[in-house]
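Engineer: Please read through the structure below; I'll follow up with questions.
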Amino acid sequence: MTIADVQLLRKWVVRFSVLAGICICAVSASGAEPGMLTHELIEWVGLVLLVTCVLGRFWCSLYISGRKIGELVTVGPYSVSRNPLYFYSILGAAGAGAQLGSVLAAASCAVVAWCIFFMVVLQEEQLLAERFGAAYAAYFNSVPRFFPNLFIWRDVPSLTVLTPRVVRGTIDSMWFLLAIPMAEWLEELQAQHVLPILF
């Protein structure tokens, strides 16, 4: 498989997981009723995670967009995490789950996202090792896979940004924000007894 094949597979697995997650969430409810302080606080934490996800993915796109296959990017956010885009996506998944006002939903979404990205990363690591050899081996051994190590930050004084790719990456990130109205809509349908609460 090429990196492009792995990315295409990842996109389809993520789409299926999101669809399955929406179906499960449609018939699930938080232990705290909508409007209660706990429920609202969890939603606000989720909102912070969603915004962090979108901004973080935008930041990463400035460095990687259009370069992922041809270059080994090891500066900026890629100097502290080998997969910062996936790290921010996991935060976004947790934020999407938190929009249901449930810590369990937030954690479940984060774990599912981590599992998906972990499997993709294993494939990507193999392909990058074949393509970049010793340079990737040194990077692999010094930079963590997901969770950033801010003490090893490195950057460059200037950066060439491929604007169309960054714009496309940013638009892709905005999908995470749909979790906010989607969760509110599902809560309203449950309140009107259109959707049953099974979990």
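Engineer: Please count how many residues of segment 33-42 are of a type outside the set (A, V, I, L, M) and either under 23 Å from Ser173 (Cβ atoms) or at pLDDT below 75 (or both). Walk me through it before giving the result.
Structural biologist: Residues of segment 33-42 of a type outside the set (A, V, I, L, M): 33-35, 38-40.
After this cut, where a residue has to be either under 23 Å from Ser173 (Cβ atoms) or at pLDDT below 75 (or both) as well, the list is 33-35.
Final tally of qualifying residues: 3.
Engineer: Test Leu91 against the stated conditions and say whether it is in contact with a helix residue (DSSP H, G or I) (Cβ under 6 Å, 6 or more places away or on another chain), over 21 Å from Met182 (Cα atoms), open to solvent by 30 Å² or more (accessible area, probe 1.4 Å) and not aromatic (Phe, Trp, Tyr).
Structural biologist: Numbers: in contact with a helix residue (DSSP H, G or I) (Cβ under 6 Å, 6 or more places away or on another chain): yes; over 21 Å from Met182 (Cα atoms): no; open to solvent by 30 Å² or more (accessible area, probe 1.4 Å): yes; not aromatic (Phe, Trp, Tyr): yes.
For Leu91, the condition - in contact with a helix residue (DSSP H, G or I) (Cβ under 6 Å, 6 or more places away or on another chain), over 21 Å from Met182 (Cα atoms), open to solvent by 30 Å² or more (accessible area, probe 1.4 Å) and not aromatic (Phe, Trp, Tyr) - is not met.
Engineer: A further question follows. I'm trying to understand the selection: among the residues of segment 176-188, which are of a type outside the set (D, E, K, R) and exposed (fewer than 13 other Cβ atoms within 10 Å of the Cβ)?
Structural biologist: Looking only at segment 176-188, we keep the residues that are of a type outside the set (D, E, K, R), and these are 176-183, 185-186.
Pro181, Trp185, listed by residue number.
Engineer: Across segment 1-32, which residue is modelled with the lowest pLDDT among those that are assigned to a helix (DSSP H, G or I) and among the β-branched types (Val, Ile, Thr)?
Structural biologist: Within segment 1-32, the subset assigned to a helix (DSSP H, G or I) is 3-26.
Add one more test, that the residue is among the β-branched types (Val, Ile, Thr), and what stays is 3, 6, 13-14, 18, 22, 24.
Values: Ile3: 68, Val6: 74, Val13: 83, Val14: 80, Val18: 80, Ile22: 79, Ile24: 82.
Out of the qualifying residues, it is Ile3.
Engineer: Pull out all pairs, ordered by first then second residue, where Cβ-Cβ is under 8 Å, the residues are six or more apart or on different chains, the first lies in segment 119-132 and is under 15 Å from Ala4 (Cβ atoms), and the second is assigned to a helix (DSSP H, G or I) and polar (S, T, N, Q).
Structural biologist: Taking only residues 6 or more apart or on different chains, the pairs are Val120/Gln7.
Engineer: Suppose we filter Val120, Val156 for residues that are of a type in the set (Val, Ile, Thr) and in a helix (DSSP H, G or I); which single one remains?
Structural biologist: Val120
Engineer: Six or more apart or on different chains, Cβ under 9 Å: which pairs go from a residue in segment 38-52 that's at negative phi to one that's open to solvent by less than 70 Å² (accessible area, probe 1.4 Å) and of a type in the set (Val, Ile, Thr)? Could you list them?
Structural biologist: Partner pairs satisfying both residue conditions: Glu43/Ile180; Gly46/Ile180; Leu47/Ile180; Leu50/Ile180.
Engineer: Scan segment 68-88 for residues that are open to solvent by 20 Å² or more (accessible area, probe 1.4 Å), farther than 23 Å from Val13 by Cα and of a type outside the set (A, V, I, L, M) and report the count.
Structural biologist: Residues flagged as open to solvent by 20 Å² or more (accessible area, probe 1.4 Å), farther than 23 Å from Val13 by Cα and of a type outside the set (A, V, I, L, M) within segment 68-88 amount to 3.
Engineer: State which residue is nearest to the chain's Cα centre (by Cα) when the search covers only segment 68-111 and only residues that are hydroxyl-bearing (Ser, Thr, Tyr) and within 22 Å of Val18 (Cβ to Cβ). Full working, then the answer.
Structural biologist: Initial filter on segment 68-111 (hydroxyl-bearing (Ser, Thr, Tyr)): 74, 78-79, 81, 86, 88-89, 102, 108.
Pick out the ones that are also within 22 Å of Val18 (Cβ to Cβ) and you get 86, 88-89, 102, 108.
Working: Tyr86: 5, Tyr88: 5, Ser89: 1, Ser102: 18, Ser108: 13 Å.
Looking at the filtered set, the residue picked out is Ser89.
Engineer: Residues in segment 136-171 that are within 30 Å of Gly21 (Cα to Cα) and open to solvent by 70 Å² or more (accessible area, probe 1.4 Å): how many? Can you show your working first?
Structural biologist: Looking only at segment 136-171, we keep the residues that are within 30 Å of Gly21 (Cα to Cα), and these are 144-148, 165-171.
Adding the requirement that they be open to solvent by 70 Å² or more (accessible area, probe 1.4 Å) leaves 147, 165, 167-168, 171.
Qualifying residue count, segment 136-171: 5.
The values are calculated or read from the model by the stated rules, or taken from the named source; none is laboratory data. All of these numbers come straight from a predicted model, not from anything done at the bench. Cβ sites come from the backbone with ideal geometry, for glycine too, and all protein chains shown count toward neighbours. Accessible surface is based on the protein model in full, side chains and every heavy atom, while ligands, DNA and RNA are left aside. Shrake-Rupley method; radii C 1.70, N 1.55, O 1.52, S 1.80 Å.
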